[in-house]
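The values are calculated or read from the model by the stated rules, or taken from the named source; none is laboratory data. If you're wondering where the values come from, they're calculated on a predicted model, not measured in any experiment. Note that each Cβ is placed from the backbone with ideal geometry, even for glycine, and that neighbours are counted across all protein chains shown. For accessibility, only protein heavy atoms count, side chains too; no ligands or nucleic acids. Shrake-Rupley method; radii C 1.70, N 1.55, O 1.52, S 1.80 Å.
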Amino acid sequence: MKRDQKNRFMFSPLQGEYVKKINSNIDINNLDTLYVYDGQKIFIKTEAVRLIGKNLGGVWKFLSMASKILPLTFCNWIYDLVAKNRNRIFGRSDSCRLPTPSEAEKFYP
């Protein structure tokens, strides 16, 4: 959220009302997968990360575009590997932090 300076992204829990409206084969029990909905299409895993990078701009856009030289299946394999080991890589917290009031505005019910 802190890198989204232009407020291009909104967030929704997978079990929320917004996801129920757009549901298109989203596995709401799979918490290891990132989904991005652009208003028309749902992007999953690497394609979702690439879309986010493209929209964040700067070095993120460059990395997003550069990653396209790699096969999608390979990138998704890396994505799955990181997702499976994210707690070991990034650490685990005993609790989730609450969003600030301005961050809370970025969440759909």
Exercise. Name the residues of the range 35-49 whose amide N is less than 16 Å from a point 7 angstrom out from the Cα of Ile28 along the C-beta direction?
Worked result: 35
For this session: Report relative contact order for the chain in percent, whole number only (criteria: Cα-Cα under 8 Å, sequence separation at least 6).
Result: 34
Exercise. Given springs between every Cα pair under 10 Å in a Gaussian network model of the chain, which of Leu98, Leu72, Leu31 has the largest fluctuation?
Worked result: Leu98
Exercise. Hey, how much of the P(r) for the range 50-109 falls beyond 13 Å, as a percent of Cα pairs?
Worked result: 75
Exercise. Rounded to the nearest 500 deg cm²/dmol, what is the calculated helix-only ellipticity per residue at 222 nm for the chain, with -39500 (n - 2.57) per DSSP H run of length n ≥ 4?
Worked result: -12000 deg cm²/dmol
Problem set entry | Carbon and sulfur %, accessible surface of the chain computed with the full protein complex present, 1.4 Å | 57
For this session: Give me the Kirkwood hydrodynamic radius of the chain, using the inverse of the mean 1/r over all pairs of distinct Cα atoms, in Å to one decimal.
Result: 15.4
Seminar exercise, completed: Amide H neighbours of Tyr37 at under 5 Å, excluding residues fewer than 5 places away on the same chain, with H built from the backbone geometry, are Phe43
Exercise. Taking springs between alpha-carbon atoms closer than 10 angstrom, which of Ile69, Ile22, Ile52 fluctuates most in the Gaussian network model of the chain?
Worked result: Ile69
Exercise. Just the accessible area per residue of the range 1-91, please: how many Å² with a 1.4 Å probe?
Worked result: 74
